Amino acid sequence: MKKPKLKKVAYLDYNECIDFINKKYNIDADDYAGTFTTTKEDIDAKAAGDAIDPSGKWWGGDPTKHTGDQLLAHQAFMKIYETKKDKPFLSFWHWVLDAYGVSNGSDLTFDNEGLEMCDDRLGDLNDDKPGEEYAGWRKKIYEYFLIEFGKGKNREVKMRVEW
């Protein structure tokens, strides 16, 4: 009787795949709606606040107690915040955790059949409802995986998840 031999399994790294997709399609799959993404406007608003009040005290504390330069700096930053506060938090990674129950060091496979799980009407534990503006966001990202890395008739993508 022969001993079993070690088998080699080929897989992609999930983090490398999502980084590739983010860059190629100019998205942030972990903050699809841009709720927490730092934009040039955010950086400019923070810089404007720091220029008005270099102490940085305008950033924290009770804004109702800000005076003078601190108040002006806080108001400049709040203009940016107001544009983001009503955006939903949409994280593809959180959806993957909920839908697939992955853990550190586990394998993850996406394929054509998995597209059914991307329905926006299915609730998430960690994400807000997407609204019309972001309808189909999960399916779009999932489809990017299948387009870029899928193999065979079922467009199977085998990945390893590590953090």
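The values are calculated or read from the model by the stated rules, or taken from the named source; none is laboratory data. Please read all numbers here as calculations on a predicted model, not as lab measurements. Using ideal geometry, Cβ is built from the backbone for each residue, glycine included, and neighbour counts are taken over all protein chains shown.
Can you pull out every residue in segment 2-22 that is farther than 19 Å from Ser106 by Cβ and touching a residue at least 60 places away in the same chain (Cβ under 8 Å)?
The answer is Phe20, Ile21.
Can you find a residue in segment 80-89 that is modelled with pLDDT of 90 or more and surrounded by 13 or more Cβ atoms within 10 Å (Cβ to Cβ)?
So the first thing to find is which residues in segment 80-89 are modelled with pLDDT of 90 or more, and the list is none.
No, every residue in segment 80-89 fails to be modelled with pLDDT of 90 or more and surrounded by 13 or more Cβ atoms within 10 Å (Cβ to Cβ).
Give me the residue from segment 1-54 that is β-branched (Val, Ile, Thr) and modelled with pLDDT under 75 and, out of that set, nearest to Lys140 (Cα to Cα).
Start the filter on segment 1-54 by keeping residues that are β-branched (Val, Ile, Thr), which leaves 9, 18, 21, 27, 35, 37-39, 43, 52.
Adding the requirement that they be modelled with pLDDT under 75 leaves 37-39, 43, 52.
Numbers: Thr37: 19, Thr38: 23, Thr39: 23, Ile43: 29, Ile52: 42 Å.
Here the answer is Thr37.
Looking at segment 105-117, can you tell me whether even one residue there is of a type in the set (Phe, Trp, Tyr), at pLDDT 95 or above and under 19 Å from the mean Cα position of the chain (by Cα)? Before the answer, list the steps.
As a first pass, look at segment 105-117 and keep what is of a type in the set (Phe, Trp, Tyr): 110.
Keeping just the survivors that are at pLDDT 95 or above gives 110.
Now narrow it down to the ones that are under 19 Å from the mean Cα position of the chain (by Cα): 110.
Yes, because at least one residue in segment 105-117 is of a type in the set (Phe, Trp, Tyr), at pLDDT 95 or above and under 19 Å from the mean Cα position of the chain (by Cα).
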